[in-house]
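*Asks:* Below are the structure tokens for one structure; questions will follow.
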Amino acid sequence: MISKHWTIAAALLVALPAAIAAKDSTKPKESAVAQDPNVAVVMEMIAAWDARDGDKIADMFTEDGVLHSMMIAPIKGREAIRPRMKFLVDNASHMKITPRTIAVTGNTVFLERTDSFTFKGHKGSVPVVGVLEIRDGKVAEWREYYDRKELLEAMGVKGDF
């Protein structure tokens, strides 16, 4: 039995430095994600939302960009997206997007986040996952996944908009 315990202890002593090194090796990956130019576009978009700048948000889309909240029909084209963005920000006295997880593969950025807002006097907060495809420094497609009923209730909206 003693030799069994010593074998386990020895294995742990060998494995522990490797586990610590593996954990530490994630730090460069995180900073690499933060330095990714596609993530920079997404962070600029977040700043535009936080500033409630509907024109800036719309201008960050490609001319043929698509905004698709998955539970409703997609909006296609920058100029078609603009009125939706302006409606949302013009009716909000506060907006804050708080990223939780950001991941990148190629030109696609996955953004798990919490959106907090005050919309027409109603304070709310909803969890959201956005998938943004970036092309030439602009958003070519933005797919949003959230509970629409929860969002509308948090906004104090009856029906839909």
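*Asks:* Among all lysine pairs in segment 36-155 that are eight or more places apart or on different chains, how many have alpha carbons less than 22 angstrom apart?
*Replies:* Eligible lysine pairs with Cα atoms under 22 Å apart amount to 18.
*Asks:* Amide H of V66: which non-local residues (sequence gap of 5 or more, or other chain) have their own amide H closer than 5 Å, using H built in the peptide plane?
*Replies:* Here the answer is G77, E141, W142, since their amide H atoms fall under 5 Å of that of V66.
*Asks:* With only alpha-carbon pairs counted, each pair once and no self-pairs, how large is the Kirkwood hydrodynamic radius of segment 53-110 in angstroms?
*Replies:* 12.9 Å
*Asks:* If you plug each phi of segment 108-121 into the Karplus form 6.51 cos²θ - 1.76 cosθ + 1.60 with θ = phi - 60°, what whole-Hz ³J(HN,Hα) values come out, in order, with x for Gly and Pro?
*Replies:* 10, 10, 9, 10, 8, 7, 10, 9, 10, 7, 10, 10, 6, x
*Asks:* Tell me which trypsin sites (Lys or Arg not before Pro) from segment 111-161 have a DSSP coil assignment and no more than 11 other beta carbons within 10 Å of their own.
*Replies:* Those that pass, being in a loop and sparsely packed, are K120, K158.
*Asks:* Evaluate the relative contact order of segment 36-155 (contact order divided by residue number), counting alpha-carbon pairs under 8 angstrom at least 6 apart; express in whole percent.
*Replies:* Relative contact order for segment 36-155 comes out at 25 percent.
*Asks:* Now, a different point. Normalised by the empirical 2.2 N^0.38 Å for globular proteins, what value does the Cα Rg of segment 67-155 take?
*Replies:* 1.10
Every number here is computed from the coordinates shown, using simple stated rules; none is lab data. Treat the numbers as computed from the prediction; the structure is a model and nothing was measured. All Cβ positions, glycine included, derive from the backbone under ideal geometry; neighbour counts span all protein chains shown.
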